[in-house]
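Asks: First the structure, which I've put down as structure tokens, then a few questions once you've had a look.
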Amino acid sequence: MNDKVTPRAVAAQSLPGEEDLRFIRNFHDVFLSIGIAMFAAGIAITTAMLLAPMVKEAAEADAEAFQRILTLVAGAAAFDAVLMWLMAEFFARGRRLFLPSIVILIAFNLFFFIAAGAGYAAVIGLDEAFFERLDGAGLSGAIREASEFFIVVLGLTTAAILAFYARMKLPFAMGVFGYSLASVGVAAAFRAWPEHAEQIIQPAQLAAGVFIFLLGVYFDARDPERQTRISDNGFWLHFFAAPLILNSVLGMTVGADMLTQNSSGAALVTLIVVFAFAFVSLLINRRALLVAGLLYALIAAGYLISKVGLSGGWTAAVTLLVMGGAMVLLGGGWHALRRVVVAPFPKTGPIARIIPPEPSKADRRRVSE
């Protein structure tokens, strides 16, 4: 038997337009990722245990002692973040192990956020007098102060994530960067209109999701055949954008209690929104958008099916059969549906890079043979 990997076999594994997730190669990556996660958790617990007595003592002392311990916490967290960066140099930049690198980035992100938060708190003087001023500022004043804190801390963290991406070229880091940058924008909106915080939560979340989505579309347009790392950047950006867009749209159309309110109208609107997501997913050839709506679609479909008068067990069974069958049909007929959906759009030019044409059956067969 010839076990050599031929160019034809490689092509068959990377058909044009497919979303090949290159973040895991074998079980070794899973094994290593578990070890890295345990190691990072051990670092975090060890740091917390070493600092806990000093934090308790400083909290009972004067303001200067508390500021010093905040600086110490910032330094310790920064040291932990540096350890994660050094691990990334070996596993992400050196060996290009994507799943372990994702775990490292998550740990690095958490450690850096803590370091930035403690450092900024030490600079602005986070003491008893500060909290007294915050308490006297009212709700809008407290929101303004809190949002200012998050703008600075999230801004620094976003810059660190971008540096991580620039150095390690990890696509997942681009998704985290887009989400973090959008979060800075949401915090800035709260800072500008603190008295309207409740009213702007959903619009700000929608704007953040649309921003990340458009950033993903930008990377998609650079690689419409989904063959390079640039396409992976787009995948992770869509992965982070989809829940933000879906949650905000449903929140503004059916209300904050969309998952629990007993309303056939709300359930029907939820399904319409999810179907709209499915249509956009087909257009841009990104299944990640559709996955974000599965939970909402299941709950909405289950509620509508329960109105027929079925018992709880039968409602669950029929809902899973209907939704599971729909997903199987959509997955199996994805390319056939795309040929119909994208047929009116041009096959070349800028629009074709955003809405890539679907290869014919003959073309796909020729590539896979």
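The values are calculated or read from the model by the stated rules, or taken from the named source; none is laboratory data. Remember, predicted model here, so these are calculated numbers, not experimental data. Please note: Cβ atoms are built from the backbone with ideal geometry, for glycine as well, and neighbour counts cover all protein chains shown.
Asks: Name, by its number, the condition in (1) surrounded by 13 or more Cβ atoms within 10 Å (Cβ to Cβ); (2) among the aromatic types (Phe, Trp, Tyr); (3) under 30 Å from Gln227 (Cα atoms); (4) modelled with pLDDT under 95 that does not hold for Phe27.
Replies: That leaves (1) as the condition not met.
Asks: Can you report the number of residues in the range 282-301 which are modelled with pLDDT of 80 or more and not aliphatic (A, V, I, L, M)?
Replies: 3
Asks: While we're on this one: If I ask for residues that are among the hydrophobic types (A, V, I, L, M, F, W, C) and closer than 14 Å to Leu156 by Cβ, which ones from the range 91-122 would you list?
Replies: Passing the criteria: Phe108, Leu110, Phe111, Phe112, Phe113, Ile114, Ala115, Ala116, Ala118, Ala121, Ala122.
Asks: I'd like the full set of residues that are buried (at least 20 other Cβ atoms within 10 Å of the Cβ) and in contact with a Ser or Thr (Cβ under 9 Å, 6 or more places away or on another chain), limited to the range 190-222.
Replies: Passing the criteria: Phe190, Pro194, Ala204, Gln205, Ala208, Gly209, Phe219, Asp220.
Asks: Of Leu126, Leu99, Leu139, which residue is in a helix (DSSP H, G or I), of a type in the set (A, V, I, L, M) and modelled with pLDDT under 90? Talk me through it step by step, then tell me what you get.
Replies: Details: Leu126 fails: in a helix (DSSP H, G or I); Leu99 fails: modelled with pLDDT under 90.
Selected residue: Leu139, the only one of Leu126, Leu99, Leu139 that is in a helix (DSSP H, G or I), of a type in the set (A, V, I, L, M) and modelled with pLDDT under 90.
Asks: Follow-up. Going by the conditions given, is Ala88 surrounded by 13 or more Cβ atoms within 10 Å (Cβ to Cβ) and in contact with a Leu (Cβ under 6 Å, 6 or more places away or on another chain)?
Replies: In short, no.
Asks: Give me the pairs, please: first residue somewhere in the range 148-159 and at negative phi and modelled with pLDDT under 95, second residue anywhere and among the aromatic types (Phe, Trp, Tyr) and buried (at least 18 other Cβ atoms within 10 Å of the Cβ), beta-carbon distance under 7 Å, and either six or more positions apart or on two chains.
Replies: Phe149/Tyr120; Val152/Tyr120; Val153/Phe113; Val153/Tyr120
Asks: Please count how many residues of the range 146-185 are more than 17 Å from Phe98 (Cβ to Cβ) and of a type outside the set (A, V, I, L, M, F, W, C). Full working, then the answer.
Replies: Of all residues in the range 146-185, those more than 17 Å from Phe98 (Cβ to Cβ) come to 146-160, 162-163, 178-185.
With the extra rule that they be of a type outside the set (A, V, I, L, M, F, W, C), the set shrinks to 147-148, 155, 157-158, 178-180, 183, 185.
Residues meeting the conditions: 10.
Asks: Taking the condition out of contact with any Asp or Glu (no Cβ under 7 Å at 6 or more places or on another chain), over 17 Å from Ala242 (Cα atoms), among the hydrophobic types (A, V, I, L, M, F, W, C) and modelled with pLDDT of 90 or more, does Val184 pass?
Replies: Criteria met by Val184.
Asks: For residues that are hydroxyl-bearing (Ser, Thr, Tyr) and over 31 Å from the mean Cα position of the chain (by Cα), scanning just the range 302-347, find the one that is modelled with the lowest pLDDT.
Replies: Looking at the filtered set, the residue picked out is Ser311.
Asks: For the range 36-49, give me each residue that is more than 19 Å from Ala115 (Cα to Cα) and exposed (fewer than 12 other Cβ atoms within 10 Å of the Cβ).
Replies: Listed by number, the list holds a single entry, Met38.
Every residue, every condition in (1) aromatic (Phe, Trp, Tyr); (2) over 23 Å from Val249 (Cβ atoms); (3) part of a loop (DSSP other than H, G, I, E, B), yes or no:
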{"site": "Tyr296", "(1), (2), (3)": "yes, no, no"}
{"site": "Ile299", "(1), (2), (3)": "no, no, no"}
{"site": "Gly302", "(1), (2), (3)": "no, no, no"}
{"site": "Leu310", "(1), (2), (3)": "no, yes, yes"}
{"site": "Ala317", "(1), (2), (3)": "no, yes, no"}
{"site": "Gly331", "(1), (2), (3)": "no, yes, no"}
{"site": "Arg339", "(1), (2), (3)": "no, yes, no"}
{"site": "Pro346", "(1), (2), (3)": "no, yes, yes"}
{"site": "Arg353", "(1), (2), (3)": "no, yes, no"}
